[in-house]
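Structure record follows, encoded as structure tokens.
We did not get these values from a lab; they are worked out from the coordinates using the rules stated. Owing to the predicted nature of the structure, the values given are computational and were not obtained by experimental measurement. All Cβ positions, even for glycine, are placed from backbone atoms using ideal geometry, and neighbour counts span all protein chains on display.
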Amino acid sequence: MNETNLNLVANKLVDAFLKNKIINPISIKYTKKLANADKLRKLCESKIKKPIIGFKAGGTGIPVIKKLKEKEPFYASVYKHNVLKNNKSVKINKFTLGIELEVCYILKKNFFNFKKKISKNNIKKFINYIAPCIEVVGYRQKKRGIKSFGDLCSDFGANIKFIIGPRKKFRNNNVKNLKTNISNSKIKQSVNGNTNTVYINPMNSLLFVLKKLQKDKIKHDKDFYVFTGSSVGVVPILSKGIYKGTIEKLGSVKTKIN
């Protein structure tokens, strides 16, 4: 890819991200291959000076991974101004893709000083809290649907807002095979799911993100969130109003869609 053109595209996306506006779609040459999209994402993130509060796993549904012929999910940074408390409102536009329900973790900052490789055996000592979370997903571009993981990855992971439910102290909580549901009772919209749809399970998705952070030599000086991916897929927002997400044994989270 031409570095000058790549920089110009990054500047357009960053401007849209910071000013909360919608731009014309970027060329598919930046999004068709995940490696190119990831390069663009990293360039965009390097231009933003706002504080990062965590990281998200995207494309964690195994059927979607197979359908789009990818080998694994991707990750992206999450900025503090896009993370909201429970019951807060989110304004959407016609290019919003939908709403998701996830398990999120709050991890200790000393992870970034850990010299050994992260693994299933040592991951738990870094987890402080666990919580249910709603993610509203969408583009900063005039496009709809998902043709590749690159579509999502290149556009800041396609995250609009995260709403965090009540957090619990992590005590080796089991997150395998938990029933989940997201609903809007006003219009009788209700979608069931299961945590096992999230890259085998949310703990495995967390491990994937932490391995990527180590590989990319990311450093962070505060405790941080990891959002593990949707347990219900991308649920269309059929009406404005209150959406409630519930994860068995973890609790519930709400947001008002405007």
Cα gyration tensor of region 111-240, axes a ≥ b ≥ c as square roots of the eigenvalues: rounded (a/c below 1.5), prolate (a/b > b/c) or oblate? oblate
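Might you report the magnitude of the Cβ-based charge dipole of region 178-258 about its Cα centre, with Lys and Arg at +1 and Asp and Glu at -1, to the nearest 20 debye?
180
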Under the Karplus curve 6.51 cos²θ - 1.76 cosθ + 1.60, θ = phi - 60°, whole-Hz ³J(HN,Hα) for region 191-208, x wherever Gly or Pro sits: 10, 8, x, 8, 5, 6, 7, 8, 6, 6, 6, x, 5, 5, 5, 4, 4, 4
Among (1) 90, 31, 30; (2) 93, 28, 24; (3) 50, 49, 34, which is the computed Cα extents along the principal axes in Å? (3)
All aspartates and glutamates inside 20 Å of residue 161 as judged from Cα atoms, apart from same-chain residues fewer than 8 positions distant: 15, 45, 100, 102, 135, 151, 223
If we sort 32-38, 48-54 on the protection proxy, mean other Cβ atoms within 10 Å, highest first, what's the order? 32-38, 48-54
Farthest positive-ward along the chain dipole, Cα basis, beta-carbon charges - from 96, 64, 127: 127
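Of the listed peptides 8-16, 215-223, 181-189, 131-139, what is their order by residue-averaged count of other C-beta atoms within 10 Å, with the highest listed first? Intermediate results must be reported in sequence, preceding the final value.
Details: 8-16: 17.4, 215-223: 11.4, 181-189: 15.6, 131-139: 25.3.
Result, highest mean Cβ count within 10 Å first: 131-139, 8-16, 181-189, 215-223.
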Assign unit charges at the C-beta atoms only (+1 for Lys and Arg, -1 for Asp and Glu), then state the dipole size of region 50-257 relative to its Cα centre in Debye, rounded to the nearest 20. 380
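For region 71-199, what's the relative contact order in percent, using C-alpha pairs closer than 8 Å and at least 6 residues apart? Walk me through the intermediate numbers first.
Values: 179 pairs, mean separation 37.6, N = 129.
Over region 71-199, the number comes to 29 percent.
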Whole-Hz ³J(HN,Hα) from phi, Karplus 6.51 cos²θ - 1.76 cosθ + 1.60, for region 76-83, glycine and proline x: 8, 6, 10, 9, 4, 5, 9, 10
Any idea which of 112, 149, 239 is furthest toward the positive side of the dipole for region 50-257, if Lys and Arg beta-carbons carry +1 and Asp and Glu beta-carbons -1? 112
One point scatterer per Cα, no solvent, Debye formula: log10 I(q)/I(0) for region 140-194 at q = 0.18, 0.20, 0.21, 0.25 Å⁻¹ comes out as -1.03, -1.08, -1.07, -1.03
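Specify whether the C-alpha gyration tensor of region 1-119 places it in the rounded, prolate or oblate class, a ≥ b ≥ c being the square roots of the eigenvalues: rounded for a/c under 1.5, otherwise prolate if a/b is larger than b/c and oblate if not. Walk me through the numbers on the way to the answer.
Values: a/c = 1.29, a/b = 1.16, b/c = 1.12.
Verdict is rounded for region 1-119.
Checking the table 33/211; 39/222; 109/217; 91/254 against a 23 Å threshold on Cα-Cα, which pairs fail? Walk me through the numbers on the way to the answer.
On the way: 33/211 21 Å; 39/222 25 Å; 109/217 14 Å; 91/254 14 Å.
Exceeds cut-off: 39/222.
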Given the rule -39500 (n - 2.57) for each run of at least 4 DSSP H residues, summed and divided by the residues of the chain, what is its mean residue ellipticity at 222 nm, to the nearest 500 deg cm²/dmol? -6500 deg cm²/dmol
